[in-house]
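Everything below concerns the one structure shown next.
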Amino acid sequence: MKGGDNKPVQVNSKVILCSLCLMNAIDLAIFVSRVESICAEMGAILQRAAFSPNIKDRLDFSCALFDSEGALFAQAAHIPVHLGSMAYAMAGIIEGVEWQPGDMLVVNDPFLGGTHLPDVTMVAPLFVDGQLVSFVANRAHHANIGAEAPGSMPLSNHMDQEGLLIPPTIFVRGGEWVSEILEQLTGMPGSDTSGDFAAQVSANKKGVVRLGDLIETMGSERFADSVVAINDYGEKLASSALARMPEGLYKFSDTMDNDGFAAVSIPISVSLDISSAGINVDFEGTSAQVAGNINCPLSVTAAAVYYAFRCLLPEQTPNCAGTYRCISIKAPANCLVNASRPAATAAGNVETSMRLVDVMLGALAEVIPNEIPAASQGTMNNVAMGARDAQLSWDYYETIGGGMGACRQRHGLSGVQCHMTNTLNTPIESLELHYPLRIERYQLRQGSGGEGAFKGGNGLIRDFRFLADTDVTLLTERRVIGPWGLEGGAAGQCGKNLLDGELLPAKVQFRAEQGQVLSIETPGGGGYGIAPSSD
């Protein structure tokens, strides 16, 4: 982090040295652009080939490239919680598999490199001249992964209630689909997901072709050199940028509203130990894992940690394993953010990951004051619904934006997805075309942002009218304690969930009757600084 003379490490951005090559900045920039464009093209294919609105409209998917050891070296600008967790856990996913050309592996096990069961990951190897040189991967959220509750985001207290658990399994062998695995994945009640799985396979196939073409153009040796160089460059940029942080121990705590069962005011605590050796992130003091499904595996925790630090790095910093070498992460076994099987995890990936970002930013606000924003809405406002009727079977899942925290330079943005999610909303036209729903109101929640010299962004209001009887699950947060402000700024308003005007719990599962209206009012962001006096 700091040199022996206590001066920040200086990075030579013109020449990057590695053990095998001398690569100038232009060649490195071209390589970074080419591998990132492969990820972006994979994502475009996945979006356009998918059938479900969750993938083709909301863009709830991510694509990335990994070296032969499972270390990340490229990704597209997709979903932070997907990409960070894959970066942390891919080595474990690919370990021990007897890979062959044309293979594809499928997995969604949260405790074997996944996040939660709806996020299904597909991994394909790339062989060049008989040698395994790389992997391509994508992860996509499936609204139906076999849970009894439509939308596969139930109010659960055991992983078995959350759907089909897929350990690392060869799904395509030598280019041929394994029929029994396909039947297992697509044979779930109410499932019509074969097209989405095919889209994931197609995206990986294109990634293998494009990366193979790049390696053929460059040569295998120069490609390997470039992967080393991109990681070395990421490490140097990260070390230089983080070296400006004063050494010391910094702590912060925040709380989850509840787990949907008996636990309330559930603490998440973090300490950052910053030294010349790097940054140690420790979650000692965090709650033990709970009955409800806000638990998350350590891979999701890592994703939130990586995201918080990545926001502090220069824009040109590559998203690769080397960028995070100076960060170590530790959490007590069987705690909320390092849960163990068979803990329920459906909301850990969405709600707890958002609170993890809040505690990381809260600690970093002590490290580098004036550079960290106030808390954003702190929830993804998960809405899952559908039906398993004989005449009509459907699954819908949505996350709803809210207010972003204000910072020293500007007001927070209103009505946006923040931090660990990077999805769009489902367009009203698509939603009403596919499902027996009507959106009766979709607007900013004026005045919900925290007051301050700079105001927090406003949340949203989205009203759903049910055109048929519907099973609904809500998994939401920041309904008890609003997103905190900084430097004297006020907290953002808490969110609300209402059915026909009657307040609902933050986490609830119920049957809505035809004609009823569900209203989701999302939290505003925290304010920054003391508001000017009105005198």
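A few notes on this one:
- Relative contact order, whole percent, for the chain stands at 15, derived from Cα pairs under 8 Å and 6 or more residues apart.
- Surface accessible to a 1.4 Å probe, His158 within the full protein complex, Å²: 60 Å²
- Base-10 log of normalised Debye intensity for segment 423-535 (one unit scatterer per alpha-carbon) at q = 0.19, 0.22 Å⁻¹: -0.97, -1.15
- For the pair Leu503 and Ser253, label points projected 7 Å from Cα toward Cβ lie 2.6 nm apart.
- Based on C-alpha pairs under 8 angstrom that are at least 6 apart in sequence, segment 42-110 has a relative contact order of 20 percent.
- Cα convex hull volume per residue for the chain (Å³): 146 Å³
- Ranking of Lys236, Lys251 by solvent-accessible surface, largest first: Lys251, Lys236 (1.4 Å probe, protein heavy atoms only, all chains present).
- Summed residue charge, Cβ within 14 Å of Glu513's Cβ, Lys/Arg positive, Asp/Glu negative: -3
- Relative contact order for segment 274-364, counting Cα pairs under 8 Å that sit 6 or more residues apart, in percent: 49 percent
- Within the chain, DSSP assigns beta bridges of which about 95% are antiparallel (rounded to the nearest 5).
- Two-site FRET efficiency, Thr186 against Ser328, from Cβ-Cβ distance with R₀ of 45 Å, rounded to 0.05: 0.65
- Sequence-ordered 3J(HN,Hα) estimates for segment 397-411 from the Karplus curve with 6.51, -1.76 and 1.60 and θ = phi - 60° stand at 9, 8, 10, 10, x, x, x, 8, x, 6, 9, 5, 9, 7, 5 Hz, glycine and proline given as x.
- Backbone geometry of segment 474-486 corresponds, through the Karplus equation with coefficients 6.51, -1.76 and 1.60 at θ = phi - 60°, to 3J(HN,Hα) couplings of 10, 10, 9, 9, 6, 9, 10, 10, x, x, 6, x, 10 Hz, x marking Gly and Pro.
- FRET efficiency for the pair Ser276 and Glu366, taken as 1/(1 + (r/R0)^6) with r the Cβ-Cβ distance and R0 = 25 Å, rounds to 0.85.
- Residues with amide H under 5 Å from that of Leu164, placed H, sequence gap 5 or more: Gly146, Ala147
- Distances between placed amide hydrogens fall under 5 Å for Asp469 paired with Gln514, all partners being 5 or more residues away or on another chain.
- Here the extension length gained between Gln391 and Phe51 equals 120.3 nm, from 0.36 nm per residue of separation less the Cα-Cα distance.
- Summing +1 for each Lys or Arg and -1 for each Asp or Glu among the other residues whose beta-carbon sits under 12 angstrom from that of Ala44 gives +3.
- Legend: residues Cys326, Cys39, sorted from most to least accessible area (1.4 Å probe; ligands, DNA and RNA excluded), read Cys326, Cys39.
- Phe261/Glu176 FRET efficiency (R0 45 Å; Cβ-Cβ; nearest 0.05): 0.50
- If you take the Cα centroid of segment 230-267 and the Cα centroid of segment 409-466, the two points sit 26 Å apart.
- Just the protein heavy atoms count here, and of the accessible area of the chain at 1.4 Å, carbon and sulfur take up 51 percent.
- Taking Asp129, Asp60 and ordering them by how much accessible surface each has at a 1.4 Å probe, largest first, produces Asp129, Asp60.
- From phi via Karplus (6.51, -1.76, 1.60), per-residue ³J(HN,Hα) for segment 462-473 in Hz, x at Gly/Pro: 10, 10, 10, 9, 7, 9, 7, 4, 9, 8, 10, 10
- Accessible surface for segment 139-269, divided over its residues, is 40 Å² per residue with a 1.4 Å probe.
The values are calculated or read from the model by the stated rules, or taken from the named source; none is laboratory data. Note that the coordinates shown come from a computational prediction; the quantities given were computed from them, not determined experimentally. Heads up, the Cβs are rebuilt from the backbone with ideal geometry, glycines too, and the neighbour counts pull from every protein chain shown. The accessibility values were calculated without ligands, DNA or RNA, using every heavy atom of the protein model including side chains. Shrake-Rupley method; radii C 1.70, N 1.55, O 1.52, S 1.80 Å.
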